[in-house]
1. Against the globular-protein guess of 2.2 N^0.38 Å, express the Cα radius of gyration of the chain as a ratio, rounded to two decimals.
2. Please calculate how many Å² of accessible area the chain carries per residue, with a 1.4 Å probe and no DNA, RNA or ligand atoms counted.
3. Roughly to the nearest percent, how much of the accessible area of the chain is carbon and sulfur, given a 1.4 Å probe?
4. Counting only the heavy atoms of the protein chains, how much of D12 is accessible to a 1.4 Å probe, in Å² to the nearest 10?
5. What are the aspartates and glutamates whose alpha-carbon lies under 17 Å from the alpha-carbon of K33, with same-chain residues fewer than 8 places away excluded?
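The values are calculated or read from the model by the stated rules, or taken from the named source; none is laboratory data. Just so we're clear, the structure is a prediction, and the values are computed from it rather than from any experiment. Only protein heavy atoms, including side chains, enter the accessible area calculation; ligands, DNA and RNA are left aside. Shrake-Rupley method; radii C 1.70, N 1.55, O 1.52, S 1.80 Å.
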Amino acid sequence: MHENFDMILNRDKNLSKISQMSSDLKDNSKKFKRDAKKMRLSMWLQKYATFIAIGAVLLFILYIKFYLF
């Protein structure tokens, strides 16, 4: 009978550990998803930043040429 109580207590401890581990995994997966989105945006900006800058300069030059003169 004493063994049964020990088994129940150990089971409860194990379930608590598993619950904590699943909670940590959920938190870490949310952080990973958020960081992956930031990284994707950063890489996209790094890849296309020069094209965006050149386009903005060209649009500014066209604006000056056609609307101000």
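1. Normalised Rg, Cα atoms only: 2.63.
2. Accessible area per residue, the chain: 102 Å².
3. Answer for the chain: carbon and sulfur cover 68 percent of the accessible area.
4. 90
5. D24
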